[in-house]
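Notes to accompany the following structure.
The numbers here are math on the coordinates, done by the rules we state, and not lab data. From a predicted model like this one, the values you see are computed outputs, not experimental measurements. As a convention, Cβ positions derive from the backbone with ideal geometry for all residues, glycine included, and neighbour counts pool all protein chains shown.
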Amino acid sequence: MFESLANLVVYRGLAFDPESHFGAALHFFVMDVTKIFVMLILIIYIMGLCRAFLSPERVREYVRNRPDWQARGMAVTLGAVTPFCYCSSVPLFIGFVEAGIPLGVTFSFLIASPMINEVAAVILVGILGWKLALLYILAGLIVAWFGGIVMQRFKPERWVEEYVWKIQMGQVAAPEQDGSLKGRHCYAASEVKEIVGRIWKWVVVGIGIGALFHGFVPESWVSEHLASGRWYDVPTAVLVGIPLYSNATGIIPVAEAMLTKGVAIGTTLALMMSVAALSLPEMLILRKVIKWQALALFASVLGIAFILVGWVFNLIT
């Protein structure tokens, strides 16, 4: 359906040549914009209905006072199923610290939250297939679990900004949610408006990059730089992702274009993870809460983990 619409708009309506670079890029752009935004709106609305009563305060209380392994499992799971980016994860991070939850657990949440969510999973299945979607989700869960454990070994509590420890819990009461069907609908609709309003430009940028990559980047360049099979393809992909800013949803079109150019699955996964959880803008947001020592450790742990994931998946696939 989406491809037919793109054919109608680009090749018939605008009369672009399917063999031209610009025509191929514009076709990719139109098809993915319609596909991704339809899926975004539907999935966010459906999950909003189910999440009408889920607030950061409820998430924090759900994890509080649990054994370390159980709290970590809950934190990773909650990070995977909640659509929090770093902007909303940082206040939750503060709440975790105030509640006395080990920082290793909070870092597991911070890794899982931007990398994995139900919206990205559904879109990954729709665009790249269930196998690659499953690989990405499993890799993200593993990195979130063990990345938090590694962080905890370094006792990062000493590198939390002083003001975080001084914030008192429970001073601001959370607004009550309307439990009626109309209230849930309004909440779900507001979730669509808020989340799509926050990320739409990054999704469009991601699709635009993917379209340019698809239409203009020669396969020979890709083969030489990212699909050559050399050991440094994966580290290069991780480094390329650091200056970019997107989320797991916005980077999917770029990953799709890379795969069509012959880039290996592991290299593509490494780039996706780097952009979603290791980008420079997100690190600067996190710097408001933790000091440079913890931030450098966090970035190093993630970078090494993403490189290892990329190498392993390139080896097995």
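Among Asp17, Asp32, which comes first, second and so on when ranked by fewest other beta-carbon atoms within 10 Å?
Neighbour counts put them in this order, fewest first: Asp17, Asp32.
Of Arg184, Arg287, how do they rank once you tally other Cβ atoms within 10 Å and put the fewest first?
If I rank by nearby Cβ atoms, fewest first, I get Arg287, Arg184.
Taking the Cα-to-Cβ direction at Gln70 and at Leu5 and moving 7 Å from each Cα, how far apart do the two end points lie in nm?
4.7
Going by how many other beta carbons lie within 10 Å of each one, how would you line up Thr77, Thr260, Thr106, Thr267, fewest first?
Thr260, Thr77, Thr267, Thr106
Could you list, in their original order, any pairs among Lys201/Lys291; Lys201/Lys261; Lys35/Lys131; Lys155/Lys291 whose Cα atoms are separated by more than 22 Å?
Lys201/Lys291; Lys201/Lys261
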